[in-house]
Every structure is written in structure tokens, then in C-alpha cells.
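The values are calculated or read from the model by the stated rules, or taken from the named source; none is laboratory data. Here the structure is a predicted model, which is why all the values come from computation and not from measurement. Virtual Cβ from ideal backbone geometry, glycine too; neighbours counted across all protein chains shown. Surface areas here come from the heavy atoms of the whole protein model, side chains and all, with no ligands, DNA or RNA. Shrake-Rupley method; radii C 1.70, N 1.55, O 1.52, S 1.80 Å.
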Amino acid sequence: MTAMQMNAEILRNMSIIAEDENLLKRAAKYLRKLVSEKEVDPTLLTKEEFFARVDEAREQIKRGEGVEMLPDESLDEFLQRVG
């Protein structure tokens, strides 16, 4: 589903919810919760942001700037070494 289709679906549903004050209050409460979660969690990425980071990592590897995890190295050891 594209962003445009999702927006259209949300607007259709909002027109139904807008007729019921209790549903409207619940929807507003839930939307506030979603927004606060987005603000709190810096790891949330859009699909475009994620793939941009993947593309940048590939470019870094091409430039020889990549870092490899050594054989038999634990994740903690790797993170300590590169961090």
C-alpha cells in the first residue's frame, strides 16, 4: 500500500470517527501515543531512510572505510573495538 493510499484510507476512517465524540477522543489519544513513540525512539526509520543508510554503508565499503567482524569475535568485542 502506498503512502497516498494509506492517507486516503485514514481520511475515510477519520470521517466516520469524526461523527462519534468517544471514538474521536480515543483516536486522538492513540495518535498522541504514536507521535510520542516516534519522538522517543530514534531507531525508527522510514523505508527510504533505511535504504539510504544501506547505500551509504556500501559506498563506505567501496572506499575502504568498512569494518569487518573478525572470525570468532563476539558482538560485544566487535562493538568495543569499533566503538
Practice prompt. Pairs only if they're at least six apart or on different chains, beta carbon under 8 angstrom, first in segment 57-83 and open to solvent by 100 Å² or more (accessible area, probe 1.4 Å), second not hydroxyl-bearing (Ser, Thr, Tyr); list them, first residue then second.
Written response: 75/69; 81/73
Discussion item. Considering only residues that are charged (D, E, K, R) and assigned to a loop (DSSP other than H, G, I, E, B), which ones fall in segment 1-46?
Written reply: 19, 20, 41
Worksheet item: Within segment 42-66, which residues are under 20 Å from residue 3 (Cβ atoms) and of a type in the set (Asp, Glu)?
Response: 48, 49
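Every residue, every condition in (1) farther than 24 Å from residue 3 by Cβ; (2) polar (S, T, N, Q); (3) free of Cβ contacts under 8 Å to residues at least 40 places away in the same chain; (4) open to solvent by less than 100 Å² (accessible area, probe 1.4 Å), yes or no:
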{"site": "22", "(1), (2), (3), (4)": "yes, yes, yes, no"}
{"site": "30", "(1), (2), (3), (4)": "no, no, yes, no"}
{"site": "36", "(1), (2), (3), (4)": "no, yes, yes, yes"}
{"site": "39", "(1), (2), (3), (4)": "no, no, yes, no"}
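Go through segment 2-12 and give me each residue that's open to solvent by 70 Å² or more (accessible area, probe 1.4 Å) and not acidic (Asp, Glu). Step through it out loud before you land on a result.
Let us first name the residues in segment 2-12 that are open to solvent by 70 Å² or more (accessible area, probe 1.4 Å), namely 2, 4-7, 9-12.
Answer for segment 2-12, where residues must be open to solvent by 70 Å² or more (accessible area, probe 1.4 Å) and not acidic (Asp, Glu): 2, 4, 5, 6, 7, 10, 11, 12.
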Worksheet item: Of the residues 77, 73, 49, which is modelled with pLDDT of 90 or more and outside any helix (DSSP H, G or I)?
Response: 73
